[in-house]
Amino acid sequence: MKPPPSSQAAEAPTVVYWDIDRCPVPSGFDARQVGPCIVRFLRNLGYSGPLIITAVGILTDVPEDVLRKVSSTGIFLHHGAYSYRDMNMVLYGVTNHVELPANVMVISTPPSYTDTLSLLDEWGFNVIYPFSYDFPQEPSSINSLWSNFLRADSGPPLECSNTGEWVCIVCNGLDGLGAESLIRHLSSREHACELWEWLPPCGCSKLPLDSTIETPRYSRSSLRATMDMDDSDMDDSDMIHKQPKRIWSMVLKKLRT
């Protein structure tokens with residue numbers, strides 16, 4: 001893995017997105033160790049700036065005990081209806097809300113999101129790769145990359161008084177604090193009603209593990225314009241790229257502390 005390309009990048013904020021669907025907590029691994037492993041990985045490379053870690057995925061598929069442990073270490077939880085589209089959405093959100101210089105790291109299975117990460121690189125963001133994205137990758141080796149990443153630098157579970165915040169994109173960016181309130185929300189009738197409006201007729205919201213996520217080619221200026229539109233002016237394809245601004249106010253607040 002490469003060190004920061006400059007002292008400016010080393011001290012810049014780093015936004016980490018963890019695809020918890022494609023890279024779940026391995027069996028037998030304490031979920032409270034995930035955050036510290038990511039932090040140590042970045043610090044060992046030379047990144048010393050503010051850091052925020054967000055777990056993105058269909059969180060109803062994640063065991064509740066894992067959500068509790070992940071949240072207890074201060075990791076932000078982001079629930080959506082579409083695993084792959086939600087990750088692209090938050091990555092595009094970075095370009096609209098996080099000022100350069102900034103670093104972005106995505107933890108997912110190669111070759112996922114390579115097009116999106118290439119765009120971020122073109123737009124001036126320093127992209128950090130947690131492991132090799134070389135092609136081709138067999139499903140068995142893909143599964144082991146994340147496990148090896150964690151076990152290469154694992155330490156004691158983090159005992160943290162911070163409680164991670166969460167957001168539910170399905171419910172128009174509803175947010176809260178702590179895993180217990182998220183678990184209650186995800187099992188609520190109100191959430192079920194909102195979810196019904198989101199899911200496609202086939203009910204399929206995931207792609208095969210080794211598939212590449214196709215990304216539309218946007219310019220940064222056109223993307224900013226899209227994300228600043230009123231909801232009434234947006235069609236369904238546009239809405240997937242719009243995040244409530246209060247989500248980013250929470251993220252930016254964490255990056256400044």
State which residue is surrounded by the most Cβ atoms within 10 Å (Cβ to Cβ) when the search covers only segment 99-126 and only residues that are farther than 21 Å from ASP21 by Cα and either of a type in the set (Gly, Ala, Ser) or in contact with a strand residue (DSSP E or B) (Cβ under 6 Å, 6 or more places away or on another chain) (or both). ASN103
Within segment 67-97, residues being crowded, with 21+ Cβ neighbours inside 10 Å and closer than 21 Å to VAL39 by Cα number 13
Looking at (1) outside any helix (DSSP H, G or I); (2) closer than 17 Å to LEU119 by Cβ; (3) small (Gly, Ala, Ser), which is the one condition that is false for GLY93? (1)
Taking segment 20-66 and keeping residues among the acidic types (Asp, Glu), surrounded by 15 or more Cβ atoms within 10 Å (Cβ to Cβ) and part of a helix (DSSP H, G or I) leaves GLU64
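Conditions tested, residue by residue: (1) within 22 Å of LEU42 (Cα to Cα); (2) among the charged types (D, E, K, R); (3) out of contact with any helix residue (DSSP H, G or I) (no Cβ under 9 Å at 6 or more places or on another chain).
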position	(1), (2), (3)
LEU67	no, no, no
GLY74	yes, no, no
LEU100	yes, no, yes
PHE125	yes, no, no
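For ALA9, state whether it is part of a strand (DSSP E or B) and within 21 Å of LEU117 (Cβ to Cβ). First the steps, then the outcome.
Working: part of a strand (DSSP E or B): no; within 21 Å of LEU117 (Cβ to Cβ): yes.
For ALA9, the condition - part of a strand (DSSP E or B) and within 21 Å of LEU117 (Cβ to Cβ) - is not met.
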Name the single residue, out of those in segment 146-175 being at pLDDT 85 or above and β-branched (Val, Ile, Thr), that is nearest to PRO36 (Cα to Cα). VAL167
From LEU100, LEU182, grab the single residue that is touching a Phe, Trp or Tyr at 6+ places or on another chain (Cβ under 9 Å), over 26 Å from THR73 (Cα atoms) and either at pLDDT 75 or above or outside any loop (DSSP other than H, G, I, E, B) (or both). LEU100
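The values are calculated or read from the model by the stated rules, or taken from the named source; none is laboratory data. Keep in mind the model is a prediction, meaning the values are calculated, not measured. For neighbour counting, all protein chains shown are included, and Cβ atoms are generated from backbone atoms with ideal geometry for every residue, glycine included.
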